[in-house]
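Remarks on the structure that follows.
The values are calculated or read from the model by the stated rules, or taken from the named source; none is laboratory data. From a predicted model like this one, the values you see are computed outputs, not experimental measurements. Here the Cβ positions follow ideal geometry from the backbone for every residue, glycine too, while neighbour counts run over all protein chains shown.
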Amino acid sequence: MKKLVLLTSTFLFVFALSACGGSDAVKFGVIGPLTGEYSQYGLAVENGAKLAAAEINADGGVLGKDLEIVAYDSKGDPAEGVQAYNRLVDQDEIDALIGGTFSGVTLAVKELAVQDGLPVLTPTATNPDVTLNADNVFRACYTDSYQGSVAAVFAAENLESEKAAILFNRDDAYSEGLAKAFGAEYDARSLEYDEFEFGKDDDDYSALLSNIKAGGYDVVFLPAYIAEVGKVLTQAKSLGLDVPFVGGDGWDGIEESYADVAEGFYFANHYAKTDTSTVVQDFVANYEEEYDSAPNALAALAYDAVYAMAEAMEAAGSTDYADVVAALQSLNYQDAVTGSISFDSNGDPIKSVTIIKLVNGVHVVETKVNAS
Amino acid sequence: MDLFIEQLINGLNTGSIYALIAVGYTMVYGIIRLINFAHGEIMMFGAYFAFIFAFMMPFELPFLVVIVITMIFAALMGMLIERVAYKRLRTAPRISALITAIGMSLFLQNLALLIFGATPWVMKPLISTEPIVIGNFSIARLTVLTIGLSIFFMVLLTLFVRKTKPGKAMRAVSQDKEAAVLMGINVNRIISLTFALGSALGALAGVFYAMQYTNVESTLGVLPGLKAFVAAVFGGIGNITGAMIGGYLIGIIETFVKAYISSKWVDAIVFGLLILTLLFKPSGLLGKNEKEKV
Amino acid sequence: MKNFNYKNLGKNALFVNLAAVFVLFIVLFALVATGILSRYLTSILILILVMIIMSTSLNIATGFLGQLHLGHAAFMGIGAYTASLLGILLRDAIASDILLFIISTIGAMVLAGIAGLLIGWPALRLKGDYLGIMTLGFGEIVKTIITNMKGLTNGAQGLYGIPKIMNFPTAFWTTVFVVTLIFLFMNSRHGRAILSIREDEIASESVGINISRYKLLGFVIASMFAAVGGSIFAFNIGFIAPQSFNFLRSVEIFVIVVLGGMGSLTGSIVASIVLVSLPELLREFSSYRYLLYSSLLVTMMLFRPQGLMGTKEFNLQKLLPKRFTEDDDLYDSKGSDS
C-alpha cells in the first residue's frame, strides 16, 4: 500500500512538474510529419522555418527577443496533429503557429485554433476550408481550388487533353480537394473525365491502373503525396501505361527516389529553384549551405511564413493574439521567395502557380500562371 | 476481354504473395496449433534483408543469390523466435500462446522501427523494368517472376512434404504428436524445420512485395499478413494446398473488387469472407471436419 | 440489481471505498482547477479514465468470461461516432453540457449494445482462437463501415467540430459510475454465473446455467460500456478518425487487461494508469513505447501469465483496524492484498 501511495504521488508530482515552463523568447510552433513516410515534407518545413528564424535572430530577433521554433511530429495523421497542437499551446505556450503542413491535419487543428484565437499561418495547407470562417487562420500558399483548376487548364491547353483520368486518395483532404477542383474546371470546359479513387492503406493500384489503361485517357491527374505517387508511377510503368501524368505541389521532391518513373511528367508548384531573382537565389544558396540539399517549395513557403509572421508581430508591437491577427490582416510582405504575401478577406494570398516538368530528374519550368 | 485477363493476372500476382505467406501460417498452425501473428513481420524483415543484401553490401550480388540469402536469414530468424517465445508455451492454454504471438508481432514491428528508422526505404528495381510483350499483351517482368517463382517454391515444398522423410515426419507430428514421438521423431527439430520453411517463404513474399510496391517500412507485413491469414483459414487451416489456393483466391477477389466495385470495400469483403468461413465451414475449403472433443 | 445481497457487501466496505474515491476526486480536482495540471495534462488524465473504462469493460468479456475478444475498440468507435454525431446534432437544442453528454452517451450505448448483440450472437458460437479471430474480423468490418459512411462521418479524413464538453469532473464521476456498476454486476448472481463459465463451461452448463445467454450478456454489457469510453474520448478531443479505433487500439486495451490481470478490476485500473501516463511523460522516448508494451507482454506471458494482480482485487479495508471489518464476509474467499 505504501508503495502505491508513493507511486501515485510521484506520478502526480512529475505531472505537475512537466507543467512548468516558459522562457523569454518568442515562440513559433511548427506541426508537420517529421517521421514516417511523409517526413520529407515535415522536415522541409521545419528546416525552412529554422533557417528563417536563424536569419531573423542574427538581425535582432522579434520585438527584441530571440525567435524560437518548436516543432512537433504529426506523422501526417490528424489525430496526432491535434495532440501536437495541444502540447504546443499548453506546454510550450507558443505565440503563433506555423502549421500544420498537411491540409488534413490543419483542418483538424483549425477548430481548436479558432477557439483559442491563436494567430495561425499555415505555410503549405492548400485545402480551401482551412481559412473558411476563421479570422485568425491564414495561409502562405494558394488554395487547392486554384491549384486544381490551373492544373486542369494546363492539361487542357498545353497538353491538349480531352479525356482525363483523375486518380486520387479519398482518405486525404488535400488529394480529394485538388481532384474535385480539377474536375470542376473540366466540367466548365465540357471536357471528359473519370474519377478513380484509392485509399491510404492501398499499396496495389494495378487494378485501377489496368482500368485506366483500357479507358483511353490522354492525361492522368494524380494529386497525391510522394509516398503514393512513387508507388503508382512504378506500377504504371510496369503495366505499360504510357500516358502523361500531371501532379500537384505534393510531388515536389519526387526526383529524390523516383526520378526514373516520374521522368517527363508535370506538376504544379509554388516556385522554381531555378528562378533567377535575387531573393530566390539567396534563399537557395543559404539553405544548401545549412542543410546540404536543395530546398523544395515547402521549405520556401515555411521560410516565407516565418518571415511574414515575424513582420506582423513587429507591426503589432506585441505578442497578444488579437493584435497579431489584426496585423496579419493588413500585412503586405513583398520580398517573399514564393511571391508576395498579402491576404484577402478569407486569409488567402494571391500567388502564382509554376508548372514544373521533370527532365532527367531535374526541375524545368514549363510555364508560369499568374493569379487572376 | 483483354482487360479481364489483365486483371486476372493482377489478381494472380497479388495472390502469389498471399499464398506464400498463407503457407507459413498454415504449416505452423498444423504443427503446434498456434496462429503465428508474428509471421507478417518475418515477411517485413525479409524485405529489409533483401534491400540490405542488394544495395548495402560492398560487393554486388546477383538477384537470385540475394533471394536465397534472404530466405536463409529469415529461416534462422523464424527458428529463433520459436525457440525463444513459443517453445515454452506448447502446453500452455491457447489464449496465452496467442497473446504471446500478438506481443511478438508488435515487438518485431517496433524493433524494425528502431533499427531501420521510420522513413521508408525505397527499393530500386532489382530486375529490368521492361515489360514482356506477347502479341497484344504486355506483362511486367516482375509479375512473371513473382508468379513463376512462387509456384516453383510451393511445388518444391509440396514435394518435400509428400516425398521426403522429414516431410513425412512433419505430417506425422501435425497428425498426432505423441504417436510421432513414439515413432522416434525428434519433435523439436521438426517444429524448428516447419518454422524455418514457413519463414523462408514468407520472406520471399516480402521481397516481391517490396519490389512491386517500393516502400519498405516496419508496418509492411501487417495488412498482407492479416489477409494471408484469412486466405489460410479460407483454404483450410492446416492444409498446405488449401493455403495456396486460398491465397490465390483472395488475391483475385481483392483485385476484382478493386477493379469493378471499389477498393473501399475490399477489407470488409475479405474479413466478411473470414467470418462466413468460421461460421459455416471452419475447416475451410479443403480442411477436414474436426469434431471438438468434450 | 435484483438478487444482489447488499448485506454481504457490508456498509463499512461501501463507506471506506466511497470516502477514498471522494478524497481522490478532491485532490485531482484541485490540481486541475488551479491550473497546476495544464489543459494538456488534464487531457491525459481524462485519457487514463477512458482507458480505465475500456479495460474494465473488456475484463467482463475477457477476464471474467474467459473469451478472447480482439475487437473491443470497434465498440469504442461506434460509441464515439454515435455520441459525436448526436452531440453535433443536438448542440443547439440543448444548452446544458452535462445533459448533452448524457443524452449522446445513452444513444451511443444503445447503438453499441445493438451492435454487440448482432456481432456477439454469431461470434460467441466459437471458442478460443477462432472467437478471437472472429472479433478481429468484425472489428475491421466495423471500422471499414464507419470509414465508408463518408457523408455522415467524413470517412478517414476524420470528424471534427465535436463540441468539447468534456471536463475532469464529468469524466471522473462517469468512470467511477461505470467501474462501480461493473463491480456490482460481477458480484451479483449474474456475475458469478459468468465466472463459472470461465472456470468450466461444461460443468456450469450441467448446473443449469444458460451459457450462451450469459456469454452474450457479458459481451453486450462490455460493448455498451466501451461506448461510454468512446463518448468521453470524443467529447474530450473534439476530433475523431476511424484509425483511432483499429486493431492496434484493441490490442492496447487487451494488453492493459492482461498485464493488470485478467479478472482483476483493480489490476486493470492500475495498468491503465501506468501504461497511459508513462509514454506521455517520456515523450522523448515514445518511439520505445510499443517496444516496451510488447516485450512486457511477451515476458509476462512467459513468466507471469496471471498478470500483475491475477484475479484478485485490491481491498482498502485491509488498511483499517480489525474492528471496522467485522461483518464483511464478502471478501472472505476472494479478496486479499496484492
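Would you kindly identify the helices (runs of 4 or more DSSP H) lying entirely within the range C:93-209 that contain at least 2 residues that are crowded, with 17+ Cβ neighbours inside 10 Å?
Filter on the range C:93-209 gives C:97-123, C:128-148, C:168-186, C:189-199.
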Any residue at all in the range A:133-149 that is over 18 Å from A:A305 (Cβ atoms) and assigned to a strand (DSSP E or B)?
no
If only one of B:I95, B:I102, B:I52, B:I35 is surrounded by fewer than 23 Cβ atoms within 10 Å (Cβ to Cβ), of a type outside the set (D, E, K, R), over 14 Å from the mean Cα position of the chain (by Cα) and closer than 28 Å to B:T241 by Cα, which one is it?
B:I95
Could you count how many residues in the range A:176-200 are away from chain B (no Cβ under 14 Å) and within 24 Å of the chain's Cα centre (by Cα)?
9
Going by the conditions given, is A:G76 on the phi > 0 side of the Ramachandran plot, surrounded by 24 or more Cβ atoms within 10 Å (Cβ to Cβ), within 14 Å of chain C (Cβ to nearest Cβ) and not hydrophobic (A, V, I, L, M, F, W, C)?
yes
May I ask you to list the residues in the range B:111-138 that are assigned to a loop (DSSP other than H, G, I, E, B) and under 30 Å from C:L291 (Cα atoms)?
B:G117, B:A118, B:T119, B:P120, B:M123, B:K124
Single residue of B:L108, B:L149 found to be surrounded by 14 or more Cβ atoms within 10 Å (Cβ to Cβ), touching a residue at least 40 places away in the same chain (Cβ under 8 Å), within 14 Å of chain C (Cβ to nearest Cβ) and not small (G, A, S):
B:L108
Exactly one of B:A47, B:A74, B:A19 is over 30 Å from B:V257 (Cα atoms) and part of a helix (DSSP H, G or I), and that one is B:A74
Would a scan of the range A:271-292 turn up a residue that is within 14 Å of chain B (Cβ to nearest Cβ) and either part of a helix (DSSP H, G or I) or surrounded by fewer than 20 Cβ atoms within 10 Å (Cβ to Cβ) (or both)?
no
Scan (1) free of Cβ contacts under 8 Å to residues at least 12 places away in the same chain; (2) more than 13 Å from chain C (Cβ to nearest Cβ) for the single condition A:E68 breaks and write down its number.
(1)
Being closer than 21 Å to B:A228 by Cα, in contact with a helix residue (DSSP H, G or I) (Cβ under 9 Å, 6 or more places away or on another chain) and of a type outside the set (K, R) narrows it down to one of B:T143, B:T129, so name that one.
B:T143
Specify the residue that is farthest from the other protein chains (Cβ to nearest Cβ); the eligible residues are those in the range C:274-295 that are at pLDDT 80 or above and more than 19 Å from C:L47 (Cβ to Cβ).
C:S295
Unmet requirement for B:Y86, which otherwise passes all of (1) buried (at least 22 other Cβ atoms within 10 Å of the Cβ); (2) free of Cβ contacts under 8 Å to residues at least 40 places away in the same chain; (3) of a type in the set (F, W, Y)
(2)
Just a yes or no: is a residue in the range B:232-243 surrounded by fewer than 21 Cβ atoms within 10 Å (Cβ to Cβ) and touching a residue at least 24 places away in the same chain (Cβ under 8 Å)?
yes
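Here is a yes/no grid of residues against (1) among the small types (G, A, S); (2) surrounded by 23 or more Cβ atoms within 10 Å (Cβ to Cβ); (3) under 30 Å from C:L124 (Cα atoms):
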| residue | (1), (2), (3) |
| --- | --- |
| C:L24 | no, no, no |
| C:F29 | no, no, no |
| C:Y40 | no, no, no |
| C:L49 | no, yes, yes |
| C:M54 | no, yes, yes |
| C:A61 | yes, yes, yes |
Please find, among B:A196, B:A179, the residue that is on the phi < 0 side of the Ramachandran plot, more than 11 Å from the chain's Cα centre (by Cα), at pLDDT 95 or above and surrounded by fewer than 24 Cβ atoms within 10 Å (Cβ to Cβ).
B:A196
In the range A:181-199, is there at least one residue being part of a loop (DSSP other than H, G, I, E, B), under 25 Å from B:E6 (Cα atoms) and either β-branched (V, I, T) or at pLDDT below 95 (or both)?
yes
Long-range neighbours under 7 Å by Cβ, at least six apart or interchain, first residue among the charged types (D, E, K, R) within the range A:114-130, second surrounded by 24 or more Cβ atoms within 10 Å (Cβ to Cβ) and modelled with pLDDT under 95:
A:D129/A:L107
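Report whether or not A:V89 is within 14 Å of another protein chain (Cβ to nearest Cβ), in a helix (DSSP H, G or I) and either among the aliphatic types (A, V, I, L, M) or surrounded by fewer than 24 Cβ atoms within 10 Å (Cβ to Cβ) (or both).
Working: within 14 Å of another protein chain (Cβ to nearest Cβ): yes; in a helix (DSSP H, G or I): yes; either among the aliphatic types (A, V, I, L, M) or surrounded by fewer than 24 Cβ atoms within 10 Å (Cβ to Cβ) (or both): yes.
Taking the combined requirement at face value, the residue satisfies it.
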Answer with yes or no whether A:L121 is under 13 Å from A:M309 (Cα atoms), crowded, with 24+ Cβ neighbours inside 10 Å and either within 11 Å of chain C (Cβ to nearest Cβ) or at pLDDT 90 or above (or both).
yes
